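A short write-up of the structure that comes next.
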Amino acid sequence: NVLEFDPEILKRFVNFMNNPDEETAAAQFGKDGKYFGVATVMATMPGLPMFGHGQIEGYGEKYGMEFRRPKQDEYPDQWLVDRHRREIFPLLHRRAQFAEVGEFLLYDVVAPEGHVNEDVLAYSNRVDGAASLVLFHNSWADAAGRVQRSVGYRDKGAGEMRTRTLAEGLGLRAADDDWVVLREHVSGLEYLWRSRDVAERGFEVRLGAFEYRVYVDVREVQGAEYGHLAERLGGGGVASIDAELQSLRLEPLRQAVADFVAAAAADSYAAAVPGAARALRAAAREHAADVAIDDRLLVARLTAAGSSAPFDSDVAARLAAPGWRRAAVAAAAAREALPDWARPREGISAGFRAAGLDPPPPGILELAAGPLDELPAGARRRPPAKVAARRRLARLAGDRQAREALGVNHHEGVEWYGREPYRAFVSALAAQALAGAPRKRERDRAARIIAELAAAEDRSGYRWDQLAPAENRGPGASDPADRP
C-alpha cells in the first residue's frame, strides 16, 4: 500500500486510461458514465494525468510508432469533446488543488451492512485551504454507504501511521453553529451540510452505476439562519446557497408581494388592494426599503387594465382574463416600487397562483415593461397604430431575453415562437397601456395597437422571422385619429 509506505510516491505516478499497446480508451471504457468517471479520477488524483492519442476525440483506432498514418477515416465525436470541455477540462485547470499529497486522504465507504464497498472510490484533498471530495462508483449496481474515516497512511513527520476523519480532511472547524457549503462540479449545484454531523457521522453516499461526483469550493459558514435554510432544502442541491439564503430572508416580503398581486386579481380588488398595499409597505420597511404606492390611483389603474370595452370581441378573446391583467399591473407596480435587490419574482408568481391564475412565463412581465406607444425621436406626431405595433415587435428581434421569454425554438430549419407566451406578452402590454391611459382617445389608440399585435400573430403563423414585417409607412406618416 503506497499510502502506508510513503504517500509522496503518488506524485510520481502517471495516470492514464490507455497506451499504444492497449485498446483505445473508447473501446475499453465506452463514451459515457464509466469513461467519464475514470477520467474524473485521472484528473483529480495526485500524479500526472495523461490522455492518449485521440482519446478526447473518441477515436477507435490504435496508434503506435509503427504507424505512419491513420488507416481509418475518423472524425472527432463532438458530443464527447463538448462533454470533456464541461466536465474534465475545468478539473484540469484546478490541477494544483489535486496534485499534492500532503493532505490527500483515501476513505473506506462502509455499507449499511457494515462491510467496506470496494467498488466505491472516495478521497479528499486540501491545498492552501482549498478542499475537495471525489466519489466514483465503479460498478453497474447502485451503492450506498458512509464516508467517515480515512484508511491508514504514513505520517512521515511523526514517523507513525495515522487516520483522519472526513471533517479533518475538509478542514472543518465543526462547531455547533457551523455549516459547510460545497459545490458539486458536474451538476453545478451547491449543498449545505451541518459541519458537526460531518464530524460525528461522516457523509452518506448514494451513487448509481458508474456515477461520480466532485465537490469543490468548500467553505464553512456560521449562523442559525443556515439551519433554517437546511431544513427548507432538505438535503437537496441549489444553484446558489447565497441566493437561497437571501430568498429566505426576503420570505416575508415575498409573501406580502404575493398577497398584493392576489388582491389585485380578486373580484373585490377595490376593497382588498389598499390593505394589501399597507402590508407590503410594512414588510418593505422591515428590510429598510420604502414602497411608494398610491392606493386610490392604483385601484383606478386596475379598473382600466381589467376593462375589455376598447377591444373588439376577437381581440378580447385572445387576451388574458381581467383578473390576470389586473395582477400584471400590480406586479409591475411592485417591481417599480421595490429596490432591485428586493424584487422577488417568486412572490409575483405565488400571487397569480393564489388567485387561481397561471403565472406569466418567466421574463414576460419584464419584456412588457416600458411604453407601448412612443413618440419617435424628432417626430411631431405619433405614427399610425400599425406602424407603432410593428416598431414594438421590431424591438424583439435581437433581444435574447425576448427569445427566451417567447419560447423561440428551432424545428426543421425554422425558428418558431410560442402562442401562449406571446399572448401573455400582448395581455401584459394591453394591461399596462390601459392602466396608463386616462383619456378615452389614448385608450382607443392603445386598443388599435393591441389589435395590430394580435393580427401579427395570425400573419406570422408563429414563425419568429415573420413576427415583425419589414414594410413601414415611414416616419412622416401619422394616425388620423391622433391628429388634432
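Taken as a whole, region 197-205 holds no residue that is assigned to a loop (DSSP other than H, G, I, E, B), under 29 Å from the mean Cα position of the chain (by Cα), under 30 Å from residue 143 (Cβ atoms) and at pLDDT 95 or above. One residue stands out among those in region 154-196 that are in a strand (DSSP E or B) and in contact (Cβ under 8 Å) with a residue 60 or more places away in the chain: the one that is surrounded by the fewest Cβ atoms within 10 Å (Cβ to Cβ), which is 161. Scoring residue 243 on the criteria (1) under 22 Å from residue 357 (Cα atoms); (2) loosely packed, with under 15 Cβ neighbours inside 10 Å; (3) not basic (Lys, Arg) leaves a single failure, condition (1).
For residue 214, the conditions (1) among the β-branched types (Val, Ile, Thr); (2) more than 17 Å from residue 130 (Cα to Cα); (3) touching a residue at least 60 places away in the same chain (Cβ under 8 Å) all hold with the exception of (2). Limited to region 409-457, what total is found for residues that are part of a helix (DSSP H, G or I) and within 17 Å of residue 332 (Cα to Cα)? The total comes to 12. Checking region 211-220 against the condition returns no match, with no residue being out of contact with any strand residue (DSSP E or B) (no Cβ under 6 Å at 6 or more places or on another chain) and outside any strand (DSSP E or B). Listed here are the helices (runs of 4 or more DSSP H) enclosed by region 266-374 that have at least 1 residues being surrounded by fewer than 22 Cβ atoms within 10 Å (Cβ to Cβ) and touching a Ser or Thr at 6+ places or on another chain (Cβ under 6 Å): 313-318.
Given the options 403, 391, name the one that is surrounded by 13 or more Cβ atoms within 10 Å (Cβ to Cβ), out of contact with any helix residue (DSSP H, G or I) (no Cβ under 9 Å at 6 or more places or on another chain), in a helix (DSSP H, G or I) and not hydrophobic (A, V, I, L, M, F, W, C). It is 391.
Limited to region 30-51, what total is found for residues that are over 19 Å from residue 86 (Cα atoms) and not aliphatic (A, V, I, L, M)? Residues that pass the stated criteria total 2. Scanning region 418-438 for residues that are touching a Gly at 6+ places or on another chain (Cβ under 9 Å), among the acidic types (Asp, Glu) and at pLDDT 85 or above turns up at least one hit. Restricting region 53-101 to residues that are among the small types (Gly, Ala, Ser) and either under 22 Å from residue 29 (Cβ atoms) or exposed (fewer than 12 other Cβ atoms within 10 Å of the Cβ) (or both), the residue that is nearest to the chain's Cα centre (by Cα) is 96. Residue pairs whose Cβ atoms lie under 6 Å apart, separated by 6 or more positions or on different chains, with the first residue in region 278-300 and among the charged types (D, E, K, R) and the second surrounded by 12 or more Cβ atoms within 10 Å (Cβ to Cβ), are 281/291; 295/274; 295/277.
The residues on offer are 374, 366, 346, and the sole one that is over 24 Å from the mean Cα position of the chain (by Cα) and acidic (Asp, Glu) is 374.
The values are calculated or read from the model by the stated rules, or taken from the named source; none is laboratory data. Because the structure is a prediction, the values reported are computed rather than measured. All Cβ positions, even for glycine, are placed from backbone atoms using ideal geometry, and neighbour counts span all protein chains on display.
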